[in-house]
Structure formats: C-alpha cells, structure tokens
Amino acid sequence: MNRQPHIVVVGSANVDLTTFTDHFPRPGETIFGRAFHLGFGGKGANQAVAARLCGARVSMVARVGDDLFGPATIQNFAASGIDARHVLITPGASSGVAPIFVDSSGQNRIIVVKGANDRLLPADVDAAADLLRSADCIVLQLEIPLETVYYTLRFARRHGIPSILNPAPGQALSLGELAFADYVIPNETEAEALGGMPVRNPDEARACALALLSGGLARVIVTLGANGALCAGPEGCRHVAPFAVEPVDTTGAGDAFIGSFAFFLASGCKEGEAISRANVYAALSTLAAGTQSSFVTMERFEAAWAGRG
Ligand code: RIB
C-alpha cells in the first residue's frame, strides 16, 4: 500500500433507528426492547465512512431531506473528514431513515425508507462530473434510483475509472448494465436476487458467481459473513478465509467490507490481500453496536491484522 486514494461514493445517507431485542416479535405481538441507538447510516454513507477511517480521501454524492436529519447528516460527513460539497438538501423531501432490529445473536432486520435518496438523479452525477473524473474508485449501492446507478457505472467505464457496485438491498437487475462495473459485491441474499438461485453456503455462492460471470459480469465477490468471501473472475474462483469473532451487532458489516475493500484495492493491495483485509475490517465492526459508530480506526485494524492466526 503506497498512496492515499480518492474514493467517491455515489449513494445513500440514512439515519438509523436501532432497537436491540432478545428476539423478533411475532405478527400481532408487542415485546420490550433492551436498548435503542440513534446513529448515522445508509449504505453509501457507511461505505464512505469506512473508506475514510481506513485513510482514503473520500467525497460523497448524495441527497438528504429538508428535515432535522438533513443538516445533521451533512455535519456528520464534515466531522468524519468527508467532502460533502455534492450532498444536497432536497426541498420537500424527508431524509432517508432505517428502523433496524437486532436480536441477541447480533443478526439484524432492516426497513429502509429512502426519502431524499430517491431524488438523486443522473443530473446530480453530471453536476459532480469533475469530482468523479478525479476519483481512483467510484462506489455505488442500490438505495438510490437504478437509473442513477446505471448512469454512473457507464460514466465510470467511459472515463476509465474503476467502479464497485454493492447490489444492496437485493433485487433483480439488468446484468447487461452491471457489466459496466469492475466489481459487483453482493452478500448471500443479494447474490440470490441477482442470480435467481439459492446461495446458502460457499458451494452455492460459487455456482451463483459463475452464473453471474456467464451473464457478463467482470468480477464478483460474494461476502459470506462468518464463512469469509468467495471471489470469482475469468481465471476461476477462490475462497478467502474469514476472521472469526463473536458478533454483537452485524449491521453495517457489509458496508465496512465494501468501503475498506475499495480503500485497500485503490491503495495498491493485490485483490486477494484486499479481500482478506476487508474481511478483518468488517469482522471488527461487528464487535460494537451501531453502524458507522462500530467502524474501527486503522490502528485497531492494524493490531488485529498483525495478530491474526
Ligand atoms: O447496511 C446497513 C445499512 O442499511 C444501515 O445503515 C441502514 O441505513 C441501511 O441502509
């Protein structure tokens, strides 16, 4: 790793309202939660914060609402050292919010209300064109309109800028449009939605990744949680081992993986090492509650990386 890369995230910013509970309620049931946490989230913003904590120069292209959360979100970007010149307050729109429920095993269930994220349009990408052209890597997710995602992927390819798409939340997509991404990085459920086949273990992830490559995708990394990650390209597939931890809250771990992977790769790490490092960075984020608030510093990461088995 030898330089500070510039990473531009075109994506979402939410406020996360997280309730910790022993179990999830059944339909019609009312239960008590153990604790509540209000924090900054959104897959785009989370990935931006992770890349920044790793050491990248980071810029964000996003839209927030004209409510209490909008200015607070912009302030959070500034406090994190992220360039938010292209984060716009959208008159008449609410900010994106995400009620999140975390059970005692650390697993989460999330409902995203997109609000202003849904108003981030290709015209906003054009307005940020100079910034995007200066990027070493452009990172995208699916909490903004699909037309904006596809438009940005084509922009990145046209200008020779590497791009990473995290196809989350999972949905069926045009593989023809995703072929413009250098990396597509789903988790198991997102891979299922993309490939239209079950992905419950590394073998099924391999079959799905190979099908997605046949559909035209350039490179696919399926993140497998406690099972590590599966990386597939024209040369074949390889499994990258996990970093074992006892999770407290897995919310945002996928975002920690994407943001840190973008940083490690753009800093000059070989792909396999970038994935191993991102596995460790993501695992460390599950040891504390919250999304961005659980992401660790480079010092904490380096200690874990040096001490891994
Ligand atoms: O990936 C976790 C994120 O998903 C949360 O921060 C929430 O806002 C949703 O976007």
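A few points about this structure:
Every residue, every condition in (1) assigned to a loop (DSSP other than H, G, I, E, B); (2) away from the ligand (no atom under 13 Å from the Cβ), yes or no:
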| position | (1), (2) |
| --- | --- |
| 93 | yes, yes |
| 98 | no, no |
| 101 | no, no |
| 105 | yes, yes |
| 124 | no, yes |
| 130 | no, yes |
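- Residue in the range 283-306 that is closer than 19 Å to residue 181 by Cβ, within 15 Å of the ligand (Cβ to nearest atom) and buried (at least 17 other Cβ atoms within 10 Å of the Cβ) present: no
- Restricting 45, 78, 51 to those that are in a helix (DSSP H, G or I), over 23 Å from residue 121 (Cβ atoms) and in contact (Cβ under 8 Å) with a residue 12 or more places away in the chain reduces the list to 51.
- Residue list for the range 257-276, filter: outside any loop (DSSP other than H, G, I, E, B) and more than 12 Å from residue 55 (Cβ to Cβ): 257, 258, 261, 265, 271, 272, 273, 274, 275, 276
- Matching residues, the range 232-253, being within 16 Å of the ligand (Cβ to nearest atom) and either in contact (Cβ under 8 Å) with a residue 60 or more places away in the chain or in contact with a His (Cβ under 6 Å, 6 or more places away or on another chain) (or both): 247, 248, 249, 250, 251, 252
- Matching entry among 62, 93, 72, 56 (being under 20 Å from residue 296 (Cα atoms) and among the aliphatic types (A, V, I, L, M)): 56
- Of all residues assigned to the range 12-35, none qualifies as being within 21 Å of residue 138 (Cα to Cα), of a type outside the set (Gly, Ala, Ser), assigned to a strand (DSSP E or B) and more than 15 Å from the ligand (Cβ to nearest atom).
- Positions within the range 124-162 being free of Cβ contacts under 8 Å to residues at least 40 places away in the same chain and of a type in the set (D, E, K, R), in sequence order: 126, 130, 133, 147, 154, 157, 158
- Residue match in the range 98-112 (condition: over 18 Å from residue 288 (Cβ atoms), modelled with pLDDT of 95 or more and over 17 Å from the mean Cα position of the chain (by Cα)): yes
- Unmet criterion (only one of (1) outside any helix (DSSP H, G or I); (2) closer than 22 Å to residue 249 by Cβ) for residue 67: (2)
The values are calculated or read from the model by the stated rules, or taken from the named source; none is laboratory data. Just so it is clear, the model here is predicted, and its values are computed rather than measured. Cβ: placed from backbone, ideal geometry, glycine included. Neighbour counts: every protein chain shown.
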